[in-house]
1. Against the definition (of a type in the set (Gly, Ala, Ser), in contact with a Ser or Thr (Cβ under 8 Å, 6 or more places away or on another chain) and modelled with pLDDT under 95), how does residue 576 come out, yes or no?
2. Residue 121: assigned to a loop (DSSP other than H, G, I, E, B) and open to solvent by less than 30 Å² (accessible area, probe 1.4 Å), yes or no?
3. Sort out which residues of region 1-40 are at pLDDT 90 or above and of a type in the set (Gly, Ala, Ser), and write them in order of number.
4. Among the residues that make up region 132-144, is at least one of them at pLDDT below 95, closer than 24 Å to residue 117 by Cα, touching a Lys or Arg at 6+ places or on another chain (Cβ under 7 Å) and surrounded by 18 or more Cβ atoms within 10 Å (Cβ to Cβ)?
5. Would you please name the residue that is most open to solvent (accessible area, probe 1.4 Å), looking only at residues in region 177-214 that are in a helix (DSSP H, G or I) and β-branched (Val, Ile, Thr)?
6. Pull up region 491-524, narrow it to residues that are β-branched (Val, Ile, Thr) and modelled with pLDDT of 90 or more, then point me to the one that is farthest from residue 475 (Cα to Cα).
7. Collect the residues in region 680-696 that are closer than 17 Å to residue 652 by Cβ and assigned to a loop (DSSP other than H, G, I, E, B), keeping them in residue-number order.
8. Among the listed residues 667, 686, identify the single one that is small (Gly, Ala, Ser), out of contact with any Pro (no Cβ under 8 Å at 6 or more places or on another chain), within 19 Å of residue 585 (Cα to Cα) and modelled with pLDDT of 90 or more.
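The values are calculated or read from the model by the stated rules, or taken from the named source; none is laboratory data. Computed from a predicted model, the values in this text were never measured in an experiment. Note that each Cβ is placed from the backbone with ideal geometry, even for glycine, and that neighbours are counted across all protein chains shown. Note: areas computed on protein heavy atoms with side chains; ligands, DNA, RNA excluded. Shrake-Rupley method; radii C 1.70, N 1.55, O 1.52, S 1.80 Å.
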Amino acid sequence: MHGRPRKAPKPEDLAASAAKAEKLRILQSQFLLNHHQKIFTKEALELSSKLLEINPECYTAWNYRKLAVQHSLLESNLDPDSVNSILDQELRVVENALRQNFKSYGAWYHRKWVLNKGHSSTENELRLLDKLQNVDPRNFHAWNYRRFVAALLNRSDEDELNHTQDFIDKNFSNYSAWHNRSVLVSNLMKKKVQAFSRKDEVLIREYELVREAVFTDEDDQSGWFYHRWLLDQTVKAESPLLASSWPAHGSEITLSGDRYLDLGSSSPFNTYQFDSGSLPLILYFNQAVEGVNTSTVTVSSGFNVTKDVIWKPILSNNSKTTQVWVGQLKFPEVELDSLGGYTMEVTLGHSQGIISSSGFHYSHPSHFSFTVHVQPAKTEPVEGLGSEKISWRDENFHIYEPDSLESNSVLPLDHLSIKNEREPTDSSWQAKIIDEEISNFRELLDCKIGKLTLARLLTARDALMSSEKPVHSEEVLRLYSELMKLDPPHSRFYKDEHSLVLLEKVIYGRESLLSYCFRYRNLTSSSSSNPICLRLNGLSLSRLGSFEKLLWVQMLDLSHNELQSIEGLEAMQLLSHLNLSKNKFGSFTSLEPLRHLKSMKVLDLSYNEIGSHSIDTTRYLCSSPLCHSVGSEWDGNETVTDGVSLVSYWEAFFILRGLKLTQIDIAGNAIADEKFTAFLAKVMPALKWLDGVQLN
């Protein structure tokens, strides 16, 4: 069991284990011979039964018995009693195995498989479960099986909830019972059963129940986990909503075909250089969805650019759903009126089709519009941002100060959120619940989990005030700082949460965000023609978030932080310049989102830890390791330059080969030797600058 120290085995115990192992080897050899030769005699089945009684975790033996049952059931002239006899024997084998190990996955799965045949009686199953749960009330296998049996017996969720409550009353520390309660309460609220039709009343009752558990034993985590689930139910919107977009609602976008454009009175926030003749339209949802297409999203304008808009999901894993969808608005190569504007109208949610990963439909129709001004490319392009070296030195950046002509056009900072028609606006009951919980949990600040819960409650309270400035961010940051000191083994988790709150605070409002916005300027370029750089460097960030408010960013400085992953950065589809130097990236696997940023031109990865670790630990830190998302098209024998095989740099190859980088810095990493720099020059033919040196 958890928390019990290991003890050195006694000599007699070692001898008994050796004898058991020898017996197991003999049985297993005989069993495998029967399995390979497809022998399903009575003696062979008895042998597999003995093997499973000793070792219930032998999955091959369970699969063999399934084959044996199928073989027996296919025999002709089997009467119903014979079928039931065969299946009942399997249930007895499972029961014997569970006596040996009642946490055996294989045994429980086999029992489900037998019952799904539909011939066995289920009446005995609840009696068996009562016996097992009396031995170990927290056995999650038994609870999971109980939900399966309850469904077969059509037992009501109310009866099961009462049964679950009995276990919680006996022991508040029964995490499996709390989890089962969350499943049942969710089902009852979805069905709007009597006494569960009003979500606010249900949650108030559940908060009162779990509060009793938490205050009885503040060090037990079972109740705390249930409280966290309740908080999620309180603040989370069931149906998906459009959280933000680019272009933002009401903005005026200037499309430039040149590398440099004299903006005049236009805001650099709203200027986008397009080389492909198309404008990206980015939709960012509050949860992962599928079904975004021309049937569910309507784009209309006075100019014919909306025909055949192709929507693509920006996927960071193998899921079919994602929060970020991008459509390309094509602009034909004709002489457009650069003085006139073309109003674009985007509507979604008026027809079914957009569905969240949890099965809820997009039910709040949304609408936003923006105006596009097109500046055609000049006959002789001006030498500029694509050919000169970008230097991230502080002296090249100057604080952005909007003049009076553009002060009202910095729309991405203030108009990122989307107004959803018929969106529920009454959150008073949510605020009331959270305020009461905040008041209660201020009494439990002596324990670390009490501090953590209070931080989550305060963050949730600020999230409910979406149109107001967060008022609890300083207190939340202080709580996470205290937790890092109180609980060093989990300091990385607290640091990540601290970073998310800090980032939200930094970019929340116009005044705060503008203090981190800089113009890039050097000796050869006009400061007014370069994009605004958002400089979030030196903030000790270990995790990134709030991407829905950063869709407009084209130039981003994240240097001098503590990042090990850039998960979520794929949402920032406009990014063309990115500085990730002097962080803690251990491999190219942690940089997988870069594959989706097709506008990227300049990338600084210098002075990280790429190549320093023999084991790529980021596979376990990131949600989308490369080994799951790419690799099927790779020819392991392919070489890209003399003496350099893709086997050595396959991660870098898959990250970088789809990008049209003109500048990359990799110095200061263990991987950055002469062979690797030669590899980079070969893989990226558009590259002009490598570690500050101009390439021929």
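1. For residue 576, the condition - of a type in the set (Gly, Ala, Ser), in contact with a Ser or Thr (Cβ under 8 Å, 6 or more places away or on another chain) and modelled with pLDDT under 95 - is met.
2. No; evaluated as a whole, the condition is false for this residue.
3. If the condition is that a residue be at pLDDT 90 or above and of a type in the set (Gly, Ala, Ser), then 29 is the only one that fits.
4. Checking region 132-144: at least one residue is at pLDDT below 95, closer than 24 Å to residue 117 by Cα, touching a Lys or Arg at 6+ places or on another chain (Cβ under 7 Å) and surrounded by 18 or more Cβ atoms within 10 Å (Cβ to Cβ).
5. Per the criteria, the residue is 204.
6. Within region 491-524, the match that is farthest from residue 475 (Cα to Cα) is 506.
7. Just the residues of region 680-696 that are closer than 17 Å to residue 652 by Cβ, to begin with: 680-687, 690-691.
Result: 684, 685, 686, 687, 691.
8. Details: 686 fails: within 19 Å of residue 585 (Cα to Cα).
It is 667.
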